[in-house]
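Inspection log for the structure reproduced underneath, given as structure tokens.
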Amino acid sequence: MSDRVPAPQPPIFNLQAYSPAEIKEAVEKVGVKKANLPFLASFMLAIIGGGSVGFGALYYTIVASDAELSFATVRIVGGLVFSLGLALVLVGGAELFTGNNLIVMAWASGKVSTGTMLRNWTIVYFGNLVGSLGLIVLVFFSHHLDMNDGAIELSILKTAAGKIRPDMVTLFFKGILCNILVCAGVWLAYAGRSVTDKIVAVILPVSAFIAAGFEHCVANMYFLPLAWLLIQSGHAPANFDASPITMSGIIHNLVPVTLGNIVGGAGFVGAVYWAIYRAAFGASYPDEK
């Protein structure tokens, strides 16, 4: 009998995307892990998530500050570069409130309690806010906003004012539409088997919500407080109407947008896919391979 040890076999690479039914199972498993993370881990990862989305917003503002670009070019190219934020979150493993609305799938299957889910959403929401505010401080003192002869600074102010002016009902529905696309991007990313797959998957849904002018609460945690800080520090041009950009104006935006994001992500994406792949098919999913 030979004592030769068999040579190790090379790994088998599978380039086929995961099926929607497999995505649903993965989202539930990840949702359970996210919901049960210790406070400090969730909060620190949420800080990173807020900063990551803030970097996407910063990148978008550079494009938006170029007055020579057409409306459609600004919206589409700005949306493409904003995708950096969700790519950093998904590949780097940070926590993002809007994406974590998909924990509702684990909740619907009885794997996560209502209290545990809401605890996660609360921790991550305020962690995202801290991360966004931290990035704002760094950006403000870096004088990044002085680029392009102050056009970036003016772009931040115009963006913030435009986000505050709509009524709360409009902002609520913009929030719904935004997180339908964001959570659809997260859902598509779960289909991928590589970093490239995940990044490519998020680009079109994320760029679409930016191009369409929908509202993302975590992105607004960067735009709105930064604009407020610019006004308080006397950086707003004399001919700019800064009246909408107040603390009450920020709340006027964030409350309906946050609620809309929850409805869009948890309701229109999480609950719908759960109903299809859990309630409709039970444990026996159709073979899609």
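The values are calculated or read from the model by the stated rules, or taken from the named source; none is laboratory data. Because the structure is predicted, anything quoted here is derived from the model rather than measured. Cβ: placed from backbone, ideal geometry, glycine included. Neighbour counts: every protein chain shown.
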Pick from region 77-95, criterion of a type outside the set (A, V, I, L, M, F, W, C) and either touching a Gly at 6+ places or on another chain (Cβ under 6 Å) or not in a helix (DSSP H, G or I) (or both), ranking: farthest from residue 48 (Cα to Cα):
83
Using beta carbons and a limit of 8 Å, which pairs, at least six apart or on different chains, have the first residue in region 205-222 and in contact (Cβ under 8 Å) with a residue 60 or more places away in the chain and the second one outside any helix (DSSP H, G or I) and hydroxyl-bearing (Ser, Thr, Tyr)?
206/83; 207/83
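Yes/no per residue for (1) in contact with a Phe, Trp or Tyr (Cβ under 7 Å, 6 or more places away or on another chain); (2) crowded, with 22+ Cβ neighbours inside 10 Å; (3) at pLDDT below 95; (4) of a type in the set (Phe, Trp, Tyr):
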residue	(1), (2), (3), (4)
1	no, no, yes, no
16	no, no, yes, no
25	no, no, yes, no
46	no, yes, no, no
71	no, no, no, yes
Within region 241-253, identify whether any single residue is part of a loop (DSSP other than H, G, I, E, B), surrounded by fewer than 17 Cβ atoms within 10 Å (Cβ to Cβ), among the polar types (S, T, N, Q) and in contact (Cβ under 8 Å) with a residue 12 or more places away in the chain, and answer yes or no.
yes
Would you tally the residues in region 141-156 being assigned to a helix (DSSP H, G or I), without any contact (Cβ under 8 Å) to a residue 60 or more places away in the chain and not small (Gly, Ala, Ser)?
3
For region 119-129, the count of residues that are surrounded by fewer than 18 Cβ atoms within 10 Å (Cβ to Cβ) and more than 15 Å from the chain's Cα centre (by Cα) equals 2
Where residues in region 185-207 are aliphatic (A, V, I, L, M) and buried (at least 21 other Cβ atoms within 10 Å of the Cβ), which of them is nearest to residue 135 (Cα to Cα)?
206
Just checking, does region 157-168 include any residue being of a type in the set (Lys, Arg), part of a loop (DSSP other than H, G, I, E, B) and modelled with pLDDT of 95 or more?
yes
Hey, any hits in region 68-76 for a residue that's under 18 Å from residue 264 (Cβ atoms) and not in a helix (DSSP H, G or I)?
no
Residue list for region 31-58, restricted to those being without any contact (Cβ under 8 Å) to a residue 40 or more places away in the chain and either assigned to a helix (DSSP H, G or I) or within 30 Å of residue 77 (Cα to Cα) (or both)
33, 40, 41
Residue satisfying condition, being under 26 Å from residue 198 (Cα atoms) and out of contact with any His (no Cβ under 6 Å at 6 or more places or on another chain), within set 71, 82, 140
82
Going through 116, 98 one at a time, which residue ends up being hydroxyl-bearing (Ser, Thr, Tyr), in contact (Cβ under 8 Å) with a residue 60 or more places away in the chain, surrounded by fewer than 18 Cβ atoms within 10 Å (Cβ to Cβ) and assigned to a helix (DSSP H, G or I)?
116
Scan region 226-233 and tell me whether some residue there is farther than 20 Å from residue 54 by Cα and surrounded by 16 or more Cβ atoms within 10 Å (Cβ to Cβ).
no
Pick from 41, 7, 35: which is of a type in the set (A, V, I, L, M) and at pLDDT below 65?
7
Please go through (1) small (Gly, Ala, Ser); (2) closer than 30 Å to residue 21 by Cα; (3) assigned to a helix (DSSP H, G or I) for residue 192 and return the number of the only condition it doesn't satisfy.
(3)
Every listed condition ((1) of a type outside the set (Lys, Arg); (2) surrounded by fewer than 20 Cβ atoms within 10 Å (Cβ to Cβ); (3) touching a Gly at 6+ places or on another chain (Cβ under 9 Å); (4) not in a helix (DSSP H, G or I)) holds for residue 215 save (2)
